[in-house]
Amino acid sequence: MSSRVARTGDVFESGCDQFDVTSLHRPDTRWRFVDAAGHTHRWYMQGQPAESYRPDAKYETPTLTWVHDGWGYYEDGERYAIGHHECSECRERIEPHFCADDFRQYLPGPRWFCINGEPVSPEEFQRRFEAAQSS
């Protein structure tokens with residue numbers, strides 16, 4: 001959080017709340033697997049082999065194909081897909097590895113702006129702050 005008191009006596013505050021996105025089930029970027037046919041499988045991020053984990057990134061296993069095996073049902077009757085992964089070339093069944101985060105992960109939420117404790121738009125904050133600075 002940033003807070004400034006202008007010469008006018010107005011208090012300008014801005015900040016960005018952090019959201020806890022710590023995961024108990026995320027891609028294990030250390031995972032590498034070579035199947036019986038010699039095909040290497042691992043996690044990718046943005047088309048490149050994933051070397052580290054970022055909670056805001058999308059991870060894929062482009063060498064694997066997900067195969068639908070059927071449907072499962074929750075207690076309320078809603079259904080969910082059941083399936084497995086196979087090597088896209090040789091069709092060996094492969095289980096990508098997942099893990100839990102080793103430490104807390106956070107992502108920034110929306111920015112907020114207040115003048116004298118009242119929420120304002122970013123534009124109004126900037127306009128009034130600049131006006132207060134020039135007074």
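The values are calculated or read from the model by the stated rules, or taken from the named source; none is laboratory data. Fair warning: this is a prediction, and the values are worked out from it, not measured in the lab. Methodologically, a virtual Cβ is constructed for each residue, glycine included, from the backbone with ideal geometry; neighbour enumeration extends over all protein chains shown.
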Picked from region 93-135 (must be of a type in the set (Gly, Ala, Ser) and within 28 Å of the chain's Cα centre (by Cα)), the residue nearest to Glu60 (Cα to Cα) is Ala100
Scan region 93-135 residue by residue and report those that are β-branched (Val, Ile, Thr) and either over 18 Å from Asp28 (Cα atoms) or not in a strand (DSSP E or B) (or both). Ile115, Val120
Considering each of Pro27, Pro119, Pro108, Pro62 in turn, give the residue that is surrounded by fewer than 12 Cβ atoms within 10 Å (Cβ to Cβ), farther than 25 Å from Phe12 by Cα and not charged (D, E, K, R). Pro62
Can you tell me which condition Arg7 does not meet? The list is (1) surrounded by 11 or more Cβ atoms within 10 Å (Cβ to Cβ); (2) touching a residue at least 60 places away in the same chain (Cβ under 8 Å), and all the others hold. (1)
Since Phe12 meets every condition but one in (1) closer than 30 Å to Arg128 by Cβ; (2) aromatic (Phe, Trp, Tyr); (3) in a loop (DSSP other than H, G, I, E, B), which condition does it not meet? (3)
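Which residues, counting only those in region 38-73, are in a loop (DSSP other than H, G, I, E, B) and within 14 Å of the chain's Cα centre (by Cα)?
Answer for region 38-73, where residues must be in a loop (DSSP other than H, G, I, E, B) and within 14 Å of the chain's Cα centre (by Cα): Gln46, Ser52, Tyr53, Arg54, Pro55, Asp56, Ala57, Lys58.
Just checking, does region 74-88 include any residue being among the aromatic types (Phe, Trp, Tyr), assigned by TED's automatic domain parsing to the domain that holds Thr8 and part of a strand (DSSP E or B)?
The answer is no, given that none of the residues of region 74-88 is among the aromatic types (Phe, Trp, Tyr), assigned by TED's automatic domain parsing to the domain that holds Thr8 and part of a strand (DSSP E or B).
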Of (1) touching a residue at least 12 places away in the same chain (Cβ under 8 Å); (2) surrounded by fewer than 12 Cβ atoms within 10 Å (Cβ to Cβ), Tyr74 satisfies every one except (1)
